[in-house]
1. For region 135-154, enumerate the residues that are touching an Asp or Glu at 6+ places or on another chain (Cβ under 6 Å) and open to solvent by 10 Å² or more (accessible area, probe 1.4 Å).
2. When you scan region 13-34, how many residues do you find that are buried (at least 24 other Cβ atoms within 10 Å of the Cβ), aliphatic (A, V, I, L, M) and more than 17 Å from Ile183 (Cβ to Cβ)?
3. Given the structure, is Asp123 part of a loop (DSSP other than H, G, I, E, B) and within 18 Å of the chain's Cα centre (by Cα)?
4. One residue is enough: does region 21-30 have a residue meeting the conditions in contact with a helix residue (DSSP H, G or I) (Cβ under 6 Å, 6 or more places away or on another chain) and small (Gly, Ala, Ser)?
5. Go through (1) open to solvent by 40 Å² or more (accessible area, probe 1.4 Å); (2) under 26 Å from Lys73 (Cα atoms); (3) modelled with pLDDT of 95 or more for Lys241 and report which single condition fails.
6. Residues to consider are Tyr106, Tyr110, Tyr122; find the one that is within 16 Å of Ala68 (Cα to Cα) and either in contact (Cβ under 8 Å) with a residue 40 or more places away in the chain or among the polar types (S, T, N, Q) (or both).
7. I'm trying to understand the selection: among the residues of region 12-33, which are in a helix (DSSP H, G or I) and among the hydrophobic types (A, V, I, L, M, F, W, C)?
8. Taking Tyr110 as meeting all but one of (1) aromatic (Phe, Trp, Tyr); (2) closer than 30 Å to Phe14 by Cβ; (3) surrounded by fewer than 21 Cβ atoms within 10 Å (Cβ to Cβ), write down the number of the exception.
Amino acid sequence: MKQKYPIWCADHEFGKFDTVLGDDIDALLGCSLLKAIKGYNINWFYDFNDMYGINLTNCKEPIGVDMALVKHKCWDNHLTMMSASDYFNPQSANINNIKKNHRGHYGNKYAGSTLLQIWSYYDIPLPQSDRGKAILLAVDVAFKGHYSKRFNYIHNHYLRELGFEELIDVLNRHTMDEMYKVIYAYNLHGKIRINGNGKLQTNINLAELQGFFDFDISLPKDEFQHVRAYKRKGEDIVGKKTYNMDKIFSLALTSQDHVSFTEKLI
């Protein structure tokens, strides 16, 4: 399946790109892993309302991590297509785009994390401990489908396709309640925010998480500057699109009948 991902994913030039960090643990661990193995530094922060940057004169092309950008390079896990013939971003590294998953068969989507896709694509060894593996599965609640009679087959099919049979074994050893306790233990539902001094902060327990990863997962300590504002919108899908795709920066289906997107503000 690797050959179906965008060609830029296989670029071997160390440090060629920078990354755009999103506002959650899936984005941070994805960016941290890309920095460790590819030399891509976090230079941008996008919280779906505003874009911030560290070095605004940096000419390196950015890669969004855990965000459904409409036109730019990104790693993503969201469903973005309304139908089989709908537009999708060809620069998005997203198994749902590769599979042409769309609103019409929403239940067939990949519901795992962006992090697991990156981990799989670059053949990164799984954490040695059971807890470390459970944390990977807890990111973005990537375990949930395993415990559903309706979605178990689809969920585990994607894990096998990504080369993670071992993670299915982890889920078989744990209950869903035990997996949710992993989320609560490290506050994996927490958010990353920017404070009044332009510094990133989070209520995710990164200090406790760090011991399970052999690469640095800390937030950048640099000061970010505001670059651009966006208008965050959402609408129920009841007919034809009412939004102008030319104005959209990021867009994702957050349920079968609802789309969330951000519009560029000039």
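The values are calculated or read from the model by the stated rules, or taken from the named source; none is laboratory data. As the structure is a computational prediction, the values presented were derived from the model and not from experiment. Positions of Cβ are backbone-derived with ideal geometry, glycine not excepted, and every protein chain shown enters the neighbour counts. The accessibility values were calculated without ligands, DNA or RNA, using every heavy atom of the protein model including side chains. Shrake-Rupley method; radii C 1.70, N 1.55, O 1.52, S 1.80 Å.
1. Across region 135-154, the qualifying residue is only Asp140.
2. Total meeting the criteria: 2.
3. yes
4. Within region 21-30 (the criterion being in contact with a helix residue (DSSP H, G or I) (Cβ under 6 Å, 6 or more places away or on another chain) and small (Gly, Ala, Ser)), the answer is yes, since at least one residue qualifies.
5. It fails just one condition, (3).
6. Tyr110
7. Ile25, Ala27, Leu28, Leu29, Cys31, Leu33
8. The failed condition is (3).
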